Each structure stands twice: as structure tokens, then as C-alpha cells.
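The values are calculated or read from the model by the stated rules, or taken from the named source; none is laboratory data. In this text the structure is predicted, and so the values were computed from the model without any measurement. Positions of Cβ are backbone-derived with ideal geometry, glycine not excepted, and every protein chain shown enters the neighbour counts.
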Amino acid sequence: MEFTVSELEREPVEFDLELAPRAVDFGDQAEQNGPLATSGRAEVLHEHRGPKEIVPDIRLRGRFSGKFQVPCARCLEPVEIPLAAEFDLIFRPAGADSDAPERSITAPETEIGYYQKDSLLLEDVLREQIFLALPVRTLCKPDCKGLCPRCGVNRNYQTCTCEEGPADPRWEALAGLRSRIKS
């Protein structure tokens, strides 16, 4: 769904959608399981920067909920994560702040996004908000054994026959040090 400044200047737009899987591209970082529900409101806020300069900001308030699969950080098995969150975002036209003098910004200013060509795609906003809501590191279970770094077998299901010890020859000097310390 696309929000254009000209459309929002006439009147705010209310939305209540259910997006099918693959309607939003998450790449290989996540996969949507089932519908992604989202609802909210988009409107234009006019920022007055002087007697003749008015910047049309888009304010997007809403919420989303859905189920997602992300790979386990250790074994790469899919892990299902239910997500639900609310957002209240401001987007400025790209380049609106480019001629401002160099200065430090305030904490609220770090949360301002930018839109291109007088429009904003809801799918882009949802992708960003979902990535922000996902946990940084996900494990399939707390005691996940992960993949063997040598043969790649999933240690949760199989025991591997690889030798313990350094695989990289650069570590061999330290392996010899261990035996000298024990004696």
C-alpha cells in the first residue's frame, strides 16, 4: 500500500489490512508464516520552517501482528516467533535536512525516517519494524548444540566423528602449550 503526500493532504488514510505471506520481502533473515495483520492511520503534518518553507512530513501510526520463522543462531533450524508491536513514526522528504548546518541531533530526531518521490510504502515500513521487533539472537532450545564446524552435521540429532582439537594450523602452537602446562 502506497501513501502519497497529495492523497494524505486531502484527508488522512485509515488502513486495516491482512498481508499474505511473501507480500513483504524479508530476504533470508525471516519468513512470514500465515497472514500479517496491520492497521493504523497515515496523515500529513506540515512542519513550518519559516514564512515560506513548509515541509510535508508523513506520520504513520499503527500496529502489526503475525508469526515469523527465523533460523536458530547455532543449528539453523527454523524457529517460530509470534510478533505484535505498535509504531508511531515520522517520515520527511529525502533531502529536506540536507542543507541544514552541521549540528548535533536530539534523541527524537534519530527516529525520523525519509521518503522518496512524495510517497511511502507501508510494506517498507513493516519490514523495518518487524526486523526491529525480532530478537537479535534466536535459539531453537536453550541447550542447542549447533552444527559441527568441520563436517556440518547438526549435533542435536547426530553425533559427529570429527576429532576434537584445532582445525586451523595456526592454533597448533597453543594446543602444544596445553600439554606443557598440565605436566
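Does residue 81 qualify as being surrounded by 15 or more Cβ atoms within 10 Å (Cβ to Cβ), of a type outside the set (D, E, K, R) and at pLDDT 90 or above? So residue 81 passes the test.
Taking strands (runs of 3 or more DSSP E) as the structural unit, those lying wholly within region 1-77 and holding at least 1 residues that are without any contact (Cβ under 8 Å) to a residue 60 or more places away in the chain and surrounded by 12 or more Cβ atoms within 10 Å (Cβ to Cβ) correspond to 13-19, 31-48, 54-71. Residue check: is residue 123 at pLDDT 80 or above, under 27 Å from the mean Cα position of the chain (by Cα) and under 16 Å from residue 60 (Cβ atoms)? So residue 123 passes the test.
When the test is whether a residue is under 30 Å from residue 7 (Cα atoms), in contact with a strand residue (DSSP E or B) (Cβ under 8 Å, 6 or more places away or on another chain), modelled with pLDDT of 70 or more and part of a helix (DSSP H, G or I), residue 130 passes it.
Examine region 108-119 for a residue that is modelled with pLDDT under 85, farther than 30 Å from residue 24 by Cβ and among the acidic types (Asp, Glu), and state whether such a residue exists. Checking region 108-119: not a single residue is modelled with pLDDT under 85, farther than 30 Å from residue 24 by Cβ and among the acidic types (Asp, Glu). Within region 120-169, being polar (S, T, N, Q) and surrounded by 15 or more Cβ atoms within 10 Å (Cβ to Cβ) holds for 129, 138, 154, 156.
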